[in-house]
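The values are calculated or read from the model by the stated rules, or taken from the named source; none is laboratory data. It should be emphasised that the depicted structure is a prediction, and the values quoted were computed from it without experimental measurement. Glycine gets a Cβ as well: all are built from the backbone with ideal geometry, and neighbour counts include every protein chain shown.
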Amino acid sequence: MSAKDILLWVVLPYVTIAVFVTGTLWRYRYDKFGWTTRSSQLYERRLIRIASPIFHIGILAVVVGHVIGLLIPESWTDAARVSEDMYHLMAVGIGLVAGACTLFGVVMLIYRRRTTGPVFAATTRNDKTMYVFLVAAICLGLLTTLIGSGIVGDGYNYRETVSPWFRSIFLLNPQPELMAESLPSFQIHAVAGMLLFIAWPFTRLVHAFSAPLGYVFRPYVVYRDRGPHDSGSRPSRRGWERVG
Amino acid sequence: MTTVQGASSATDDFLVKAARFFTPGTVSSDLRTVTKVGGRDGDVFYRDRWSHDKVVRSTHGVNCTGSCSWKVYVKDGIITWETQQTDYPTVGPDSPEYEPRGCPRGAAFSWYTYSPTRVRYPYVRGVLLEAYRAAKAVTPDPVDAWAAVVGDPETRRRYQKARGKGGLVRASWPEVLEIIGAAHVHTAKVHGPDRIFGFSPIPAMSMASHAAGGRFISLMGGSMLSFYDWYCDLPVASPQVFGDQTDVPESADWWNASYLIMWGANVPVTRTPDAHFMAEARYRGQKVVTVSPDYADNTKFADEWMAPHPGTDGALAMAMGHVVLKEFFVERQVPRFVDYVKKYSDLPFLVTLREKQGSWVPDKFVTSADLGDEGEGAAFKTVVVDAATGRPHVPNGSLGFRFGEAGKGKWNLDLEGVDPALSLLGASGTEGVEVLLPRFDVGQEDGEGGGSHLRGVPAARLTTPAGERLVTTVFDLMLAQYGVPRDGLPGQWPAGYDDPEPYTPAWQEEITGVPAAMAERIGREFAQNAEDSGGRSMIILGAGTNHWFHSDTIYRTFLALVTLCGTQGVNGGGWAHYVGQEKCRPVTGWAQLAFGLDWQRPPRQMIGTGFWYVQTDQWRYDRLGADLLASPLGEGRFAGRSMIDTMAQSARSGWMPSYPQFDRNPLDLADEAEASGMPPADYVRDELKAGRLAFAIDDPDAEGNWPRVLTVWRANLLGSSSKGNEFFLRHLLGTSNAVRADEAPEGERPRDVTWRDEAPEGKLDLLVSIDFRMTSTGLFGDILLPAATWYEKHDLSTTDMHPYVHAFTPAIDPPWETRSDYDIFQALGRKVSDLAPGHLDVRKDLVSVPLLHDTPDEMAVPGGVVRDWRSGEVDLVPGLTAPKFVMVERDYTALGAKMSALGPLAAKAGMVTKGVPFSPTVEVEELASRNGVIPDGYAAGRPSLATDIHACETILALSGTTNGRLAVQGFRALEERTGMPLADLALEEEGKRITFPDTQARPVPVITSPEWSGSEHGGRRYTAFCINVERLKPWHTLTGRQHFFLDHDWMTEIGEGLPTFRPPLNLNRLDGDQHTGAGREVTVRYLTPHSKWSIHSEYQDNLFMLSLSRGGPEIWMSPQDAAAIGAKDNEWVEAYNRNGVVVARAIVSHRMPAGTVYMYHAKDRTVDVPKTETSGLRGGIHNSLTRLMIKPTHIVGGYAQLSFAFNYLGPTGNQRDEITVIRRRSQEVEY
């Protein structure tokens, strides 16, 4: 157990969590008008209509895959009599499809962003940095899927090392040694993932928290009562006494 | 739609129902709404965004004729933005409204307030300031110091050569005012006040700001320079045909048209706030036709698009006229058309024929004098034939009835039961005779003169005191001219529409490229619609047809169409000319202030184009001799004469003003005249005849005859209107320039005007520019004064596009050290008063005044027969064969006091507009109460004009359009002259007085007034000449009717007595090949139309407009032309000809026809202008490739409607005939 392992697998995760949570709160508090994807649909419609759903559906599937792979202990699936082979088949099958969709989607989106003049003009340095983190995490993730499944190399059961380490962080009982012994590809992917989450609150990725899921369940017309103010919605200020 | 909703509704309901217990707030029972409490904290942001310190009414104040009223918002003391006002009074039911008015250009204006281009402090060229300070250290008197600066040739040249090259340094207001004041005093004292000039255009768009400087210049004795003709926006055909500067329908009247042709006018781009009336009228069934060589924006709205080659519009209109005359006057006589032209046009009037080359040519109108009448005005009473008796008849309404005692009550269009014969064909005692008519579609190989052909007219013999004359009617001449054959007449005639002879549809196709069938059909439809709708066929005209050398000719072919079809003076019909037109509706009051008429009369007013042509020495390069234009049927009147020779004749004959006037200081001349004991006019006459005194224009390059001081405000002369920009730089300013031309070779030089071998460089001692933003004029000026913007002062605005008068109101005080134009000139006036003692004090000034329109002066040249006193054809009689010479006393020490008070002459001597007198006695007293009076000094007791609000109140009080009492008074005076009821047009508003606060509260509709020819009476839409048509008030022309025929000697000489077609000037032949041989070059027609992203140079430098457009200088060219020089879109190209060079980016667009390029008007040199390869200098402006050319018929005078008035008649600064060579240049540019 080197200092490097402590740093990477204990300090970095907690720093990530701290930055992610406080950063998001800070952003919500001070930059509500900047809480946006800065949609570029106005500038280009054809490509985004295809690329955006592919990417987003893909990444949602990837999220579900991560939840299953990282949060659910191997013992639970064993208890459910899901064999290692079956689990792998499912994970690789769905994971590869989802990963491929995500990668294909993001590549198309980046291609669109680079080649459509107005869209590129509306791309900030922040966006470009974010894309590096995002694409790195996706690519490395795909690589780990390939390695873990044995399609490349010998196969690796990350549910014995990476997943318990991940859970140990949240159980406030970090077990860096588990991670230290996993494959370098998983280590790099994990670091890339943490860096992505560190960057998250400060990029357009925050829009994930305001996905308008409520629209589906909400009546079309929303009335907001003025509440306790006497006139209008502006808070009362110093000045002449109100008459009547 | 409904099925989709129905289908999804079940799903929606299910989802909402399922989630309702988890949804915060109360879901209504119908599942359509949810009510929540609170959550409105975010509202504050939006409420704050639209909370302002104040919102004021203002507008945009110089070149844009939109006159849109705007709300200007101020937040935390800062101007934030502007939005359109929406409170224009309604135009009534069944019509779209004016509001909202405004365009993206106007909405971008507030950017200027705090922009980098804002001029914040007074600036002086460093070299000049140092020289002045040094001189003042030696001679403390400012006037003496200025004399020392300009008296030293080396110093003078040093700062002149620095013009346009930076080095402007800040100075204090007291110091700059002192320098400018000293320069004015020194110039008046040493060279004469007529060497002082002021230039500021379009008073209608900010009257007080214009009047402030006009008043200063005029009271100094300097000369204001005209702008309407200089901008080539004046359609000279309007004075020629209507005797009116310009009068047109308001844009809401487009709605009333049922057939609308937009001819060279791109309404959505250049009249953006008004274009909706055109778009909306289409839904009312209006047919829209556009005529434009390129695929202009308005073509999108059009049912038909005619695309003639640039400059050939006249040919198309002649062919349409041919169809109208043939089908509606000859084959079938439409009663409405025939009645109209008999009553309201000169078509039934008799014209004599003169023998020429064994045939006959049209000569002069028959007048009462030809019938033996020796009474008052007989030579100006024109004659018709009574169809009933076959005898000549003198109808009312001609010029001969206008001024004398005997004409009272008879200056009207009432035919009193007489039916004038339109044609003499078939009448007893008539014979068919051959007439020779000039044509300009042939014989263009070696000159502009064209050829001639034979046609025939029916003629009768008329016995006159001078013997028997052959006469015919204008109508018969028109049919001959248009080539409409009738049986029994001699001559050569086209066999039909498909015979390519003048002026058939087939003939025009060869010239314009418009299919013959299309020209025929549109011509027929235009007339048919006028017949069916009672005259509601309209032609909107624009700069595309008005900026040519021969635009007067082009326009006369259009006006022939609208007049033949009886559309003039009818709502929804007539001509609608929108080219820099300015309708200063309260014109009478404005003129009093702007020319200081309340203190001194007459003012000096100079023709802009004439001034620049002479003073920038463009005449030295001009190879277009006057005789090149002469018709082959001419009398050789122009033989061997250059254009400036004709201008010199115009000046000495008193036709056009000419300042500087003589080769002597007019103050000294006045002293000499007084000393002689003779009446001043006699003294000047004798001096002129003896040759001891000469007109300055006879030797314009002599140092004593130079203009010395020029002040430019509300204008960007050197970045916008300076046609022949490089010549301005070389000769007027004396600095670096890119003139590439050689002077006219010997043999093509003036005959009468002195040619000096060494052309002067740097005539001006001082150029002052007053502006709120940095322009080329500021860059080249010696002194630059920081002005208030349009959101920082009080002023007034009107336009002809709508009938309202509304206000400018300051949103903030002028920031930094800026001041309003009004305050600047007030301060300057006081400064001159301070400096005058010992130098000027009280002086007499001998002012030469041209023969003026709308005065008895216009009867100075009977028959338009030209006689020159210098060649001994006639005696020199001031006011008849020469200018009038009038003595004016100028108390220079009281100049400041006069500036800031309303003088006594307004009430005492009265005010006259277009011949209508006004007497504002009551108003002057009222103004004393409203504005207050000056407590002491020279102007003690006079109503105050100390502030811009006082000026606005005075303008409104002294004009008929804004003061019902004066409107009624003017109509009463006109009733006396015409014998027709008129006062009822304004009677219901006699008690109405529009005050300045009224105009600040809301745009106020103006009152119908004799200052204009239309009527708003009863809330109707304004259209020109409806008073003439409905109330039988004559037009201000020779016959009192609309003219097809012009019989002035010079009109005959150049073959333009009747509407005709003249092609664009052949500059390739005139100036020679302009190719340099460097790289692949192409020669193209060079046009400078208006841009979508600027109004002149204004806004083209505005960040918003730069972002919306490509930005910077650009040349639009066709893919074919671009391919010819190997240039791709957005690449740098260089355009050059003998006048200069300009560098720009190419915009390659299929919108452009091959062989024509556009460089949008007024690309100033302040944005993205690199150095050129050709000259090595910074790349010029759009006008670096143009130059001035004078048309001699624009400078005739003293004859009926062809008489001078300021901005009414004068040579045009046309530029459309120009061609240029273009090549792709190195893409490495250096700034």
Would you point out which residue out of B:V127, B:V169 is farther than 16 Å from B:G778 by Cβ, β-branched (V, I, T) and touching a residue at least 40 places away in the same chain (Cβ under 8 Å)? B:V127
Within segment B:937-988, which residues are touching a Phe, Trp or Tyr at 6+ places or on another chain (Cβ under 7 Å), more than 28 Å from B:G214 (Cβ to Cβ) and not in a loop (DSSP other than H, G, I, E, B)? B:R977, B:T978, B:L985
From the list B:T65, B:T80, which residue is touching a His at 6+ places or on another chain (Cβ under 8 Å), hydroxyl-bearing (S, T, Y), more than 14 Å from chain A (Cβ to nearest Cβ) and within 30 Å of B:G106 (Cα to Cα)? B:T80
Of the residues in segment B:906-936, how many are over 19 Å from B:R215 (Cα atoms), of a type outside the set (A, V, I, L, M, F, W, C), in contact (Cβ under 8 Å) with a residue 12 or more places away in the chain and not in a helix (DSSP H, G or I)? 6
Search segment A:126-144 for residues that are closer than 22 Å to A:R38 by Cα and surrounded by fewer than 19 Cβ atoms within 10 Å (Cβ to Cβ) and pair each with any residue that is among the charged types (D, E, K, R) and modelled with pLDDT under 95 when their beta-carbon atoms are under 7 Å apart and the residues are at least 6 apart or on different chains. A:D127/A:R204; A:M130/A:R204
Which helices (runs of 4 or more DSSP H) does segment A:1-76 wholly contain that include 1 or more residues that are within 14 Å of the chain's Cα centre (by Cα)? A:12-30, A:46-66
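Determine which member of the set B:E726, B:E674 is closer than 27 Å to B:D757 by Cβ and assigned to a helix (DSSP H, G or I).
B:E726 is the lone residue from the list that is closer than 27 Å to B:D757 by Cβ and assigned to a helix (DSSP H, G or I).
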Looking at (1) in contact with a Leu (Cβ under 6 Å, 6 or more places away or on another chain); (2) exposed (fewer than 15 other Cβ atoms within 10 Å of the Cβ), which is the only condition A:Y220 fails? (1)
Check on B:K75, away from chain A (no Cβ under 14 Å), closer than 30 Å to A:R224 by Cβ, among the basic types (K, R) and touching a strand residue (DSSP E or B) at 6+ places or on another chain (Cβ under 6 Å): no
Any idea which of B:V847, B:V832 is of a type in the set (V, I, T), in contact with a Gly (Cβ under 7 Å, 6 or more places away or on another chain) and either buried (at least 22 other Cβ atoms within 10 Å of the Cβ) or not in a loop (DSSP other than H, G, I, E, B) (or both)? B:V832
β-branched (V, I, T), farther than 30 Å from B:Q581 by Cα, touching a Ser or Thr at 6+ places or on another chain (Cβ under 8 Å) and away from every other protein chain (no Cβ under 14 Å), is that true of B:T59? no
Can you list residue pairs whose Cβ atoms sit under 9 Å apart, with the first residue in segment B:300-319 being more than 14 Å from B:D441 (Cβ to Cβ) and in contact (Cβ under 8 Å) with a residue 60 or more places away in the chain and the second being among the hydroxyl-bearing types (S, T, Y) and surrounded by fewer than 24 Cβ atoms within 10 Å (Cβ to Cβ)? Count only pairs 6 or more apart in sequence or on different chains. B:A307/B:Y295; B:A307/B:T299; B:P310/B:T1156
Residue hits (segment A:169-184; farther than 25 Å from A:L146 by Cβ, free of Cβ contacts under 8 Å to residues at least 12 places away in the same chain and not in a loop (DSSP other than H, G, I, E, B)) are A:F170
Just wondering, is there one or more residues in segment B:1186-1208 that are closer than 30 Å to B:I644 by Cα, over 26 Å from the mean Cα position of the chain (by Cα) and surrounded by fewer than 24 Cβ atoms within 10 Å (Cβ to Cβ)? no
With the requirement that a residue be of a type outside the set (V, I, T) and part of a strand (DSSP E or B), what does segment B:330-360 give you? B:S345, B:F349, B:L350, B:L353, B:R354, B:E355, B:K356, B:S359, B:W360
Exactly one condition in (1) closer than 21 Å to A:I17 by Cβ; (2) touching a helix residue (DSSP H, G or I) at 6+ places or on another chain (Cβ under 6 Å); (3) part of a helix (DSSP H, G or I); (4) at pLDDT 90 or above is false for A:I138; which is it? (1)
Under 6 Å by Cβ, and 6 or more places apart or on different chains, what pairs join a residue from segment B:75-87 that is under 18 Å from B:W816 (Cβ atoms) with one that is aromatic (F, W, Y) and outside any strand (DSSP E or B)? B:I79/B:Y791
Please verify whether B:T299 is among the hydroxyl-bearing types (S, T, Y), buried (at least 20 other Cβ atoms within 10 Å of the Cβ) and assigned to a helix (DSSP H, G or I), treating the condition exactly as stated. yes
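If I go through segment B:617-643 residue by residue, how many of them are more than 18 Å from B:G451 (Cβ to Cβ), among the small types (G, A, S) and over 27 Å from the mean Cα position of the chain (by Cα)?
2
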From the option list B:T290, B:T270, single residue qualifying as at pLDDT below 95 and not aliphatic (A, V, I, L, M) is B:T270
Looking at A:L171, A:L183, which one is over 17 Å from the mean Cα position of the chain (by Cα), modelled with pLDDT of 90 or more and away from chain B (no Cβ under 14 Å)? A:L171
Residue match in segment A:126-134 (condition: of a type outside the set (S, T, Y), more than 23 Å from A:F104 (Cβ to Cβ) and more than 14 Å from chain B (Cβ to nearest Cβ)): yes
Among the residues in segment B:30-44, are any closer than 30 Å to B:T809 by Cα, modelled with pLDDT under 85, surrounded by fewer than 16 Cβ atoms within 10 Å (Cβ to Cβ) and within 11 Å of chain A (Cβ to nearest Cβ)? yes
Within the set of pairs 6 or more residues apart or between chains, which connect a residue that is within 14 Å of another protein chain (Cβ to nearest Cβ) inside segment A:17-42 to a residue that is in a helix (DSSP H, G or I) and surrounded by fewer than 12 Cβ atoms within 10 Å (Cβ to Cβ) with Cβ atoms less than 8 Å apart? A:F33/B:F45
Please determine, by comparing only the residues of segment B:684-723 that are assigned to a loop (DSSP other than H, G, I, E, B) and basic (K, R), which one is nearest to B:V150 (Cα to Cα). B:R708
Which of (1) farther than 22 Å from B:L796 by Cβ; (2) small (G, A, S); (3) more than 11 Å from chain A (Cβ to nearest Cβ) does B:G102 not meet, given it meets every other one? (1)
For segment B:9-29, give me each residue that is of a type in the set (G, A, S) and either within 8 Å of chain A (Cβ to nearest Cβ) or surrounded by 14 or more Cβ atoms within 10 Å (Cβ to Cβ) (or both). B:A18, B:A19, B:G25, B:S28
